[in-house]
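Notes for the one structure printed next.
The values are calculated or read from the model by the stated rules, or taken from the named source; none is laboratory data. Please read these numbers as outputs of a predicted model, since none were measured by experiment. Note that we place each Cβ from the backbone using ideal geometry, even for glycine, and neighbour counts take in every protein chain shown. Ligands, DNA and RNA are stripped out before the accessible areas are found, and what is left, the full protein with its side chains, is counted by its heavy atoms. Shrake-Rupley method; radii C 1.70, N 1.55, O 1.52, S 1.80 Å.
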Amino acid sequence: GCFVFKPSTKKRRSSEKAAHDFRSRSDDSEDTELRFVTCQSLWNQIKSETEQIQEDLNKQLLDNLVSFLSRSHSEFQEKTTEWTCRMKFREIPTAALVLGVNVTDHDLTFRGLSDVLQDNITPYIALLEAKDCPGIKNLMQKLMGQLMNCDIDVDSLEDEDCVQVSQNRIRCSMSSLVSWYESVTKKTDSETPSKKRNSSSRHWQSPPVVVIFKDMESFTTKVLQDFIVISSQHIHELPLVLIFGIATSPMIIHRLLPHSVSSLLCIELFQSLSCKEHLSTIIDKLLLTSRFPFKLGEKVLQVLINIFLYHDFSVQNFIKGFQLCIVEHFYSQPLSVLCCQLVDVKKRAYSLSHDQCENVRRLPSFRRYVEKQEYGKQIALLTNDSFLKEETEKLLVDLHVYHENYVCILKCLHVFTSSLPKYPLGKQIRELHCACLENRVWETEEYESSLQLARMLNKTDLVTMLQQCVEILMSSSGKEFDKTVEKLKEFLTQFQNLEEASQERDVSVSSQKELQKKTDLYHLQKTLLELKESRRSKKLTKFEMLRFEVVDYIDSLVRKYLIPADHRTLHEIVYFNAASVLRGHLNAAPRTALHTALNNPHWYLKNQALKCDGGGISNKAPDICIVYKLHLECGRLINLVDWLEAFSTVVMATEEPNADSASSDQVDDIIHARFIRAVSELELLGFIKPSKQKTDHVARLTWGGC
């Protein structure tokens, strides 16, 4: 289909305009403006945090690339033996950057790489995409245009091999590029000492020319071959460095390039961080923290994770989905204004209006809380606003403390479950988090299996896990876990003082090895049953008793602190649980949207003249909508003449008959042309096709409702 997107006169809307749109969508509550400001402030904080996280995750990769470019450059500048040898073989320094299949995240990495190189190494960087370089001529035009800081319109230069720089036209060739580079570097060398000192503080003398192929797999083989062969002939004059952005595997270089061409490249491989590890870090820093009060419900989080795992592996799309959740939550939840006041609730709780108090009373979690109170307190909560504000303050404080404790114990539980064979509760912390949000995790079979496996861990593993748990709990800001830390340290002391008999230790080790060898479910269950029977027939050792005590203590912490969030009062204020709304935004249904647009254009255009009752057809509707609704009334084959007459009848419904035959024929021709165009558009969208049975008929291709 053909869709027109008219460019906006302003690239960015002002905050006042955005606030007006938010108010127009939202209800007429008194704090709509405050909700918008709170939403905007929260998202700015989260956005800043995500950018910092991504910068930290890419730092090692970018540092390695900068080091590689620095080595390549220094060899060229100093004319070392290695560079002379490379010149002899015409090898081009090349970095193969494997970024993974999450292509939508690559732009962020390349932007960061470009910024780092421009700040530290060279100002001469060109980023090339396959869609802009169908031929070697287009590639050279794009390359020289970016290096010389001039905009190139490839279409306008389709028949020319030169670019316009200032008042001069420079031919797009490697010789011209070499001449330009020599003139630029000589100009830099001839500057005054002060200017030269300032420029050398940021860039190297005779800086390299870096060419980044953002999507190497999409480039045609001939374009890459020609560019590499031509560049290799000028490598002694131009310090060229190539960076290949690879989404699949480094072997793609040898599949695209024959040996005679790939031998001209001196390739070094660089691997970016896995997108799954990237996502785990994002979830840990944004969701598993009390710093940001906004939270995602289990079903909503599962929708975003499923889209990530089964569609695109894109961390950027996950963040966009997270942003959408924030906007929807603040739009649909009147009490969401309390979200960012969760830590400092006293100021906000006492300023609740009567309408907001009524909204609190309508929350399902608050209703359940009221039902559990004594009769006198129930009356006060439902009738006394001042008492309700005080109680809301206490409940919000409890909710904040719950989040802090939940995150600490969740990480401790993950320390235990992630080291077990078969990973009953999942290897990643996000899987464990979803399981805890969904229901009481201690009531699941996976949790029981994890406890049984934990009761067979050896001493070394247990001590290591307890030490990690102590570090996690000590990093907590509150004093809730002081006694817990003392108890865990007591366990560590007992393990250190514990001396087992060699025979008992050998039994424990052999059972652990046997457990690790037999990883299929049948042998795992068999081993557990055998160990269970053996324990019944013999007395437990001190180590086994202590091990049971440790596991039982961790189990008690889980039952106390990992209560699902929907069991907490006022959780609706901070948790977004509308998974169906999110799924409707993110999971496209093109057939439904297309049917709605053509069958009921008022839904999108919001024009009252297009509103029809009783399934009628308005003559004010677009021609394609009229033709579409008429074709729904037909069978498998549609007679074009009858279709045209029906279309003409609808269009001319409100017009008076014209006595002038000449003007009438002209009107008929216009209607005929409009009809032909509408039918062609329907054919382009795939609703009809020409019929071979009858030349004046078309065949209908779609059936059933949406």
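Here are the numbers for the structure shown:
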| quantity | calculated |
| --- | --- |
| Residue list for region 61-92, filter: modelled with pLDDT of 85 or more, surrounded by 12 or more Cβ atoms within 10 Å (Cβ to Cβ) and out of contact with any helix residue (DSSP H, G or I) (no Cβ under 9 Å at 6 or more places or on another chain) | 64, 68 |
| Yes/no for residue 281 being assigned to a helix (DSSP H, G or I) and open to solvent by 10 Å² or more (accessible area, probe 1.4 Å) | yes |
| Neighbours by Cβ (under 6 Å, 6+ apart or cross-chain): first from region 128-139, over 10 Å from residue 172 (Cα atoms); second part of a loop (DSSP other than H, G, I, E, B) and open to solvent by less than 20 Å² (accessible area, probe 1.4 Å) | 130/219 |
| Region 263-278 - residue that is assigned to a loop (DSSP other than H, G, I, E, B) and in contact with a Gly (Cβ under 8 Å, 6 or more places away or on another chain) and, of those, most open to solvent (accessible area, probe 1.4 Å) | 274 |
| So residue 381, is it of a type outside the set (Asp, Glu), closer than 30 Å to residue 434 by Cβ and at pLDDT 90 or above | no |
| Members of region 576-633 found to be in a helix (DSSP H, G or I), within 27 Å of residue 324 (Cα to Cα) and open to solvent by less than 50 Å² (accessible area, probe 1.4 Å), listed by number | 579, 582, 593, 595, 596, 597, 602 |
| Of residues in region 288-308 being open to solvent by 50 Å² or more (accessible area, probe 1.4 Å) and under 20 Å from the mean Cα position of the chain (by Cα), the one farthest from residue 399 (Cα to Cα) | 306 |
| Check on residue 500, under 40 Å from the mean Cα position of the chain (by Cα) and either at pLDDT 90 or above or surrounded by 13 or more Cβ atoms within 10 Å (Cβ to Cβ) (or both) | no |
| Top-ranked residue of region 627-654 - restricted to ones that are in contact with a Lys or Arg (Cβ under 8 Å, 6 or more places away or on another chain) and modelled with pLDDT under 90, ranked as farthest from residue 686 (Cα to Cα) | 651 |
| Members of region 119-134 found to be under 27 Å from the mean Cα position of the chain (by Cα) and either not basic (Lys, Arg) or not in a helix (DSSP H, G or I) (or both), listed by number | 126, 127, 128, 129, 130, 132 |
| Tally, over region 35-46, of residues that are open to solvent by 70 Å² or more (accessible area, probe 1.4 Å) and touching a residue at least 40 places away in the same chain (Cβ under 8 Å) | 1 |
| Any hit, region 234-241, residues being over 30 Å from residue 184 (Cα atoms) and either at pLDDT 90 or above or not assigned by the TED database to the domain that holds residue 71 (or both) | no |
| When residues of region 436-446 are limited to those that are surrounded by fewer than 21 Cβ atoms within 10 Å (Cβ to Cβ) and not β-branched (Val, Ile, Thr), the one nearest to residue 304 (Cα to Cα) | 438 |
| Selection from region 370-396 of residues that are of a type in the set (Ser, Thr, Tyr) and open to solvent by 40 Å² or more (accessible area, probe 1.4 Å) | 375, 383, 386 |
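Yes or no, residue by residue, for (1) without any contact (Cβ under 8 Å) to a residue 60 or more places away in the chain; (2) open to solvent by 40 Å² or more (accessible area, probe 1.4 Å); (3) not assigned by the TED database to the domain that holds residue 62:
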| position | (1), (2), (3) |
| --- | --- |
| 243 | no, no, no |
| 249 | no, yes, no |
| 260 | yes, yes, no |
| 286 | no, no, yes |
